[in-house]
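Note sheet for the following structure.
The values are calculated or read from the model by the stated rules, or taken from the named source; none is laboratory data. Since the model is a prediction, treat every value here as computed from it, not as a measurement. Using ideal geometry, Cβ is built from the backbone for each residue, glycine included, and neighbour counts are taken over all protein chains shown.
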Ligand code: HSE
């Protein structure tokens, strides 16, 4: 097409997502050119193994093992290798040359986002990573662009499909965590080593990215309080269900009076909360903004074609800027982060206790909550083995510090056999 700027695209990685990106770039070239105002030419795909089996039939001539030479010939680099190394060095190399970069690498952005954004700005390049959070769901550009004229107060997301699949199956079948995890692994929903998902680390990287964009600052992954779902029992899930709640692993970024809080933990949500309806391996992100009010974004959080859709949105967006010759302001990570300590976070709590069922036991337990300034909203007692009972106590809002000292004092009571669970309650 004459008069249309031509942009050379380098793709690093040809796994589940990379193969779909290559397919879309080759199949939809005419439409993408019309939408972006630039002719996009896929000049090569860097892979480790030239003879590996691919999900999509692609021309052999595109493949190379020389990633650095490919990067040096490109206007736009799409990094879909994952991991910190060598992906970080490749992205830095591209940005230093002034090439724009699109990546789905949440671990890298959560660890090095500020440095890479600064490198992009210093070299007049763009860095985009929509695919890093919640797969196909457009969430980073809505936060960074559509809501740029508003004040976001809280972002609360189900951003890990594996854990949502597990918790949803526990909720609907009553099965135990280990059994559902084994089933999820057999179905291919969970990795052979599920630690990053069930330990909450994948969600924590996404929480760091959401917090950074929502509050125009830099929050790193190691500043996110992270608790996974491995301790959630079938009894927790069924008791929550009986009380009108569902347990979800939530990634939360919140502007509190004490500063920004970024946290990941399993929490109870009322069954009529919009996030409670997110079933199976789907993701959703609930955003609260001063002027917009409540918004919810829902869709596939992983998978080849869905995640490739997010990558391609970034490709077209980057190409539009390059085609127009405009220069964008640097990413809005302007503010020095003021982070709250986790102990300063206030929520409601749901505390499970195995107790010796003796006269005066309830009064003693209630007084421990009162002494630590944590107000009880509701209490439920069910008989367990002879002479013992299971208590579930729902509290009004209190600080993590107050809750923590309450739990220590409860553990010291001789009427309390054990504190069986401590979960947060989120949503209104
Ligand atoms: N393992 C993630 C999930 C997808 O289960 O949602 C990639 O972040």
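Residue 285 meets the stated requirement of being in contact (Cβ under 8 Å) with a residue 24 or more places away in the chain, part of a strand (DSSP E or B) and within 16 Å of the ligand (Cβ to nearest atom). Looking only at segment 288-306, residues that are within 16 Å of the ligand (Cβ to nearest atom) and not in a loop (DSSP other than H, G, I, E, B) come to 7 in all. When every residue of segment 141-159 is checked against the conditions, none turns out to be surrounded by fewer than 24 Cβ atoms within 10 Å (Cβ to Cβ) and within 16 Å of the ligand (Cβ to nearest atom). Here residue 243 passes the criteria (1) within 19 Å of residue 283 (Cα to Cα); (2) away from the ligand (no atom under 15 Å from the Cβ) except the one numbered (1). The single residue among 205, 234 that is modelled with pLDDT of 95 or more and surrounded by 24 or more Cβ atoms within 10 Å (Cβ to Cβ) turns out to be 205.
Here the condition is being within 16 Å of the ligand (Cβ to nearest atom), touching a residue at least 12 places away in the same chain (Cβ under 8 Å), crowded, with 21+ Cβ neighbours inside 10 Å and over 26 Å from residue 45 (Cβ atoms); of 177, 165, it holds for 165 alone.
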